[in-house]
Amino acid sequence: MQIHLISVGNRMPGWVLTGYDEYAKRMPRECELVLKEIAPGKRVKNSDVARLVRDEGERMIAAIPSGAQVVALDIPGKPWTTPELAEAMRRWMGSGQSVALLVGGPEGLADAARQRAQESWSLSKLTFPHPLVRIIVAEQVYRAWTLLNNHPYHR
């Protein structure tokens, strides 16, 4: 199974790349974490932000692997505990499908991306900068995997 982290944003600072890579490389081949960056629309003073978000959403949807279980990361989503995320991962692995985790840009996810998702996961009621979300998601996915595999990291 592959877990595709489909995230709006590119040209991330080094600390984001380092943090994400640290956890992604720890995942085993049978549960690989794969980052797919979606280039954000260019935001200038008079940008049509709604159109930019729609366009980003269309590109996100196009990046979802065929047959994947889709999970939107969204503030109004369900706040999972780490054990609940581990159970979701167990379910995903049992289905044999890949998983696509969708992370929006500065203005959040496009409505079409939300509607495409079968599940919605909220990391927190707090708002995080979207580059930081990559690291948090990668760490939590790794932590959930360790919980499922009785690895000591999760303690």
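Candidates are the residues of segment 110-155 that are touching a residue at least 12 places away in the same chain (Cβ under 8 Å) and among the β-branched types (Val, Ile, Thr); the one that is most open to solvent (accessible area, probe 1.4 Å) is THR127. Filtering GLY104, GLY96 for residues that are at pLDDT below 95, within 21 Å of ILE61 (Cα to Cα), under 16 Å from the mean Cα position of the chain (by Cα) and small (Gly, Ala, Ser) leaves a single hit, GLY104. Taken together, the criteria exclude LEU52 from residues that are touching a residue at least 60 places away in the same chain (Cβ under 8 Å) and touching a Lys or Arg at 6+ places or on another chain (Cβ under 8 Å). Does GLU58 qualify as being more than 23 Å from GLY19 (Cβ to Cβ), assigned to a helix (DSSP H, G or I), open to solvent by 20 Å² or more (accessible area, probe 1.4 Å) and among the acidic types (Asp, Glu)? Here the answer is yes, as GLU58 does meet what is asked. Just checking, does segment 67-77 include any residue being open to solvent by 80 Å² or more (accessible area, probe 1.4 Å), in contact (Cβ under 8 Å) with a residue 24 or more places away in the chain and within 22 Å of LEU126 (Cβ to Cβ)? The answer is yes; a qualifying residue exists. Looking at segment 1-31, which of its residues are surrounded by 19 or more Cβ atoms within 10 Å (Cβ to Cβ) and without any contact (Cβ under 8 Å) to a residue 24 or more places away in the chain? Listed by number, the list is empty, since nothing qualifies.
The values are calculated or read from the model by the stated rules, or taken from the named source; none is laboratory data. Just so it is clear, the model here is predicted, and its values are computed rather than measured. Positions of Cβ are generated from backbone atoms using ideal geometry, with glycine treated the same way; all protein chains shown enter the neighbour counts. Remember, those area values only see protein heavy atoms, side chains included, never the ligands or the DNA or RNA. Shrake-Rupley method; radii C 1.70, N 1.55, O 1.52, S 1.80 Å.
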